[in-house]
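What follows is a single structure, written as structure tokens, with notes after it.
Throughout, read-outs are computed from the coordinates displayed, never taken from laboratory work. Computed from a prediction, not measured in an experiment: that's the story for all the values here. Positions of Cβ are generated from backbone atoms using ideal geometry, with glycine treated the same way; all protein chains shown enter the neighbour counts.
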Amino acid sequence: MEHFFEIFQKQMVDALRADCTELIKHIGAERLYAVALVTDSDAGTVYLGMNTEESLQRRVEYYNREMDGGYSSDHPTLRWMPDEWGYSDSDLGRSRLVEVSNMLLNREDYSDESRAAFYEAATQALQKLDEEGVFASIPRSSLTLFVSVTDDDEAEQVEDYSAKRLNPEEVYQQFAERFDGIEDAEE
């Protein structure tokens, strides 16, 4: 397993570098605020999600028009759930992450240790790109990087762990408080 994730991480960094660069170009002048590598509960696939303040506002307007209303740009589900975001590697003509995702899907080990190794590899890949300056055009105080897991009880834990490692303390603290007060508001 260790050997697999050494090879996997190198290929993921290369693919992620290419896809991030292209997706940032695709986004254009919009204000990017979040980048996430997203997997499923088995860590059997991976995709790149990005969101901008402008895309978030379009989503808020859609929900207010089509649903009961009452949504705002600080709604945590719309702001922080990559499934609700406006941009992903699927917006690219040929995403390099598809090949990396196929590597994950075809591996033999789906143990808890294998999932943990994926989370670590994904976190390190985002960290490497940040260190290389791939996100240099975005003020780091305005950008949150993290790893996410769809439909999994561990999602918040994985997101918090990766966000703490990947972001300046102030950015991490704002992210860590994203769900504060939700229980109170729902009661």
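Peptide packing: for 102-112, 24-34, 7-17, the average count of neighbouring Cβ atoms within 10 Å per residue gives the ranking 7-17, 24-34, 102-112, highest mean first.
This model, with +1 at the C-beta of Lys and Arg and -1 at the C-beta of Asp and Glu, gives region 106-149 a dipole about its Cα centre of some 240 debye.
Considering Cα pairs under 8 angstrom that are at least six residues apart, work out the relative contact order of the chain and quote it in whole percent. So the answer I get is 28 percent. Screening the chain for whole DSSP H helices of 18 Å or more along their axis (Cα) with average Kyte-Doolittle hydropathy at least -1.0 returns 2-27, 112-132. Near the amide H of ARG96, within less than 5 Å, lie the amide hydrogens of ASP19, all on another chain or at least 5 residues away, with H placed in the peptide plane.
Rounded to the nearest 20 debye, the dipole magnitude of the chain is 1100 debye, with +1 charges on Lys and Arg beta carbons, -1 on Asp and Glu beta carbons, and the Cα centre as origin. With both residues required to sit in the chain, DSSP beta bridges show an antiparallel share near 60%. Based on Cα atoms of the chain, Rg over Rh with Rh as the Kirkwood radius reads 0.96.
Report relative contact order for region 88-187 in percent, whole number only (criteria: Cα-Cα under 8 Å, sequence separation at least 6). That works out to 20 percent.
The alpha carbon centroids of region 1-65 and region 114-187 are separated by 12 Å.
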